[in-house]
Structure formats: structure tokens, C-alpha cells
1. Please tell me if Thr127 is open to solvent by less than 10 Å² (accessible area, probe 1.4 Å), in a helix (DSSP H, G or I) and either out of contact with any Ser or Thr (no Cβ under 7 Å at 6 or more places or on another chain) or among the β-branched types (Val, Ile, Thr) (or both).
2. Filtering region 272-294 down to residues that are touching a Leu at 6+ places or on another chain (Cβ under 9 Å) and over 15 Å from Val245 (Cα atoms), which residue is most open to solvent (accessible area, probe 1.4 Å)?
3. Would you say Ala250 is open to solvent by less than 40 Å² (accessible area, probe 1.4 Å) and at pLDDT 95 or above?
4. Scan region 133-164 residue by residue and report those that are within 18 Å of the chain's Cα centre (by Cα) and under 15 Å from Asn81 (Cβ atoms).
5. Yes or no: region 209-226 includes at least one residue that is assigned to a helix (DSSP H, G or I) and crowded, with 21+ Cβ neighbours inside 10 Å.
6. For region 60-88, enumerate the residues that are among the aliphatic types (A, V, I, L, M) and open to solvent by 30 Å² or more (accessible area, probe 1.4 Å).
7. Sort out which residues of region 263-300 are of a type in the set (Gly, Ala, Ser) and part of a helix (DSSP H, G or I), and write them in order of number.
8. Of all residues in region 40-59, which are in a loop (DSSP other than H, G, I, E, B), charged (D, E, K, R) and surrounded by 15 or more Cβ atoms within 10 Å (Cβ to Cβ)?
Amino acid sequence: MAPIPRLRAYDGPALLSYGFRPFFLLAALHAGLAILAWLPFVAGRLAVPTSFMPVDWHVHEMLFGYQAAAIGGFLLTAIPNWTGRLPVQGKPLLVLVLAWLVGRFAVSASALIGWHLAMAIDALFLTLLAGAAAREIIAGRNWSNLKVVVLIGLLLAANLAFHLEAGLTGSADFTRRFAIAVVLMLVMLIAGRIVPSFTRNWLAQRSEGRMPVPFGAYDKAVLAGSALALACWTAVPDTIATGVVLMLAAGLHLFRLARWAGDRTWRNPLLVILHVGYAFVPLGFALSAAASFALVGPGAGLHAWTAGAFGTVTLAVMSRASLGHTGRPLVATAATQACYA
């Protein structure tokens, strides 16, 4: 990975000096507050003027509120490293932040303003993020990472489909799974590059021995197989054929994780948590397969992916980026380790 590029001359608020600063903060605040609101909302003790059912509002805001903010913060920080270009900051970054904030208000007030208008407003953030990412990657001729823009586009499509299905049928049953599948593909792609890379960098400075296998042909095959398994799970989650494909994907990811030498990172909590977070990916596939065979409820695999993989990997990446890009040592403090626990 290329060195972090220098910043432009900037004398504005520190919060807008780098993409991770506002979006990681907003992601953390939104996750906590949305959960606190959802519990009384689903129990009927709190009225949220949204056109979504309580469970759909919860899923939507975790994916397109919390997770979208975390993805935005990561990409706005990582893309300058990939391309060697200067990062987005100041007023352009503020526009992205405001687009995300307005989307959250629109979704939670969609019963008042109408779900069509809420959908249009909510789509603005991912549209702008995809445009910003595409511009920087193309300008930096970093063609291999254009696939990230495609996945952001799929996430935008999933958001629009979520609004449409919920608005037209009253429930977003199909698009809940589609949205989770798209975010999971993003996590598998990004983690598959950064986890072995960070692990190799740390191990190379300290000892000889087994090193992580870098991203290669096997990883591409795993991603292709996972896309097929998730397509089956999205379309027909309760069939035996889907269960078999999901279980095969679980095995592929378990072997992928074993190739990254995670057992050698136990002295570094910032690395251990990345491997632990990714372990929820094969666990989610296995539990979703078990749900297809009617052995467990469908929520088991779903929450292994969302609360487990998405939440843990995101927390690990936010911790590392916040330390690394503020010039502090990449060492997990006692407070950071408590958050992991």
C-alpha cells in the first residue's frame, strides 16, 4: 500500500480534515442511538414517524445508516492510499456528511414526507460516495479498485430496492437479504486484502516463519462462490440446495481465514480482532445453511454476519484507521480492548 498522501493546506475544522473523522464518529453514534430507539419502538412504547415496519427500520438503519457511514469513512481514507491522490476534505467532505445526515432524518420521518421523497433523499449519500470514489480511482488510474465502485452501486441499488419493496408491499423481506449480501461482499473483498496485508507487515518486522497468503486466485474463487451462495440465499433461503451451497461457502471461507496466519498474531489485539471478526463470515454461512435445513432460526446466521462480521470488522478497521491516520502508535489501549470485549 502506498504511503499516506499529504493533505492540502487546510485550516478548517479538524472534523473535516479526513474522511474517517466525521463518518466513524457518526457511525458509532448512530449505531448506539438507533438500537436504543429501536427497542422501545418494536415494543410499541416509542412512535417513530417512519413508513417502515420496526424490523425494517432497524435493518435499514444498521445497513444504510451505520454501515454506510463506516464504509464511507473507510473508502475516503483508503482511496488516497490506493491512488496517491489527495484526500477529500473541507466543503466536499461536508457535503457528503450532510447528505448522510439528511438521509437519516428522511427515513425516520418518511411517514410524514412520503416514502418516495424519503427514498430520493436517502439515495443521495451513496450516489455522491460512488461518484467521489469513481472520480478518484479513475483519476489515479487505479483500475483494479473500480470493483469497489461497482459494489457501492449495488449497495445503492439495494437501498432503492429496500424502499420500493417496503413502500409497495409493506415489508422489505427480499431486499433485507439482498442488502446484507451486498454489504457482506464488500466486507469479504476489503477484509481479504487488508487482513493478510496488515498481518504480514506486522509479522515481517518481528519474526520469520509462516506468513499470510496474499490475495490471489483462491480468493477470487471464494468470492465468486460466495456470490453464488448469497444469490441463492437471497432468492430461496429455505431450500436444501441453498443450504448445501452455503455450507460449501462456509468451508471455503474457513480455509481462507486459516491461510492468513491469524494464530501468530495473538500478541497484537489490533490484528487479532480482524481475524476474529472475519471468523463470523464462515460462521454466518454455516448457521444460514443450518437455517435452510430448519435446524436453527434464520436470525442466527443473519446476526453472525451483521452484528458479528460487520460490527467487529468495522470496529477493528475504525480503531486502526483512527490510530494510524492521526500519527499515534498502532497499539490497542486498555479502553480499545474493552470495546473489543
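The values are calculated or read from the model by the stated rules, or taken from the named source; none is laboratory data. Note that the structure is predicted; figures quoted are calculated from it, not measured. Glycine also receives a Cβ, built like all others from the backbone with ideal geometry; neighbour counts cover every protein chain displayed. Keep in mind that these areas ignore ligands, DNA and RNA; they rest on the heavy atoms of the full protein, side chains included. Shrake-Rupley method; radii C 1.70, N 1.55, O 1.52, S 1.80 Å.
1. Details: open to solvent by less than 10 Å² (accessible area, probe 1.4 Å): no; in a helix (DSSP H, G or I): yes; either out of contact with any Ser or Thr (no Cβ under 7 Å at 6 or more places or on another chain) or among the β-branched types (Val, Ile, Thr) (or both): yes.
No; evaluated as a whole, the condition is false for this residue.
2. Per the criteria, the residue is Ala279.
3. Yes: the conditions hold for Ala250.
4. Ala133, Asn145, Val148, listed by residue number.
5. Kept after step one, since they are assigned to a helix (DSSP H, G or I), are these residues of region 209-226: 217-226.
Narrowing the set further to residues that are crowded, with 21+ Cβ neighbours inside 10 Å leaves 226.
Yes, because at least one residue in region 209-226 is assigned to a helix (DSSP H, G or I) and crowded, with 21+ Cβ neighbours inside 10 Å.
6. Residues satisfying the conditions are Met62, Leu86.
7. Once the filter is applied, which keeps residues that are of a type in the set (Gly, Ala, Ser) and part of a helix (DSSP H, G or I), region 263-300 yields Gly277, Ala279, Gly284, Ala286, Ser288, Ala289, Ala290, Ala291, Ser292, Gly299, Ala300.
8. None; the set is empty.
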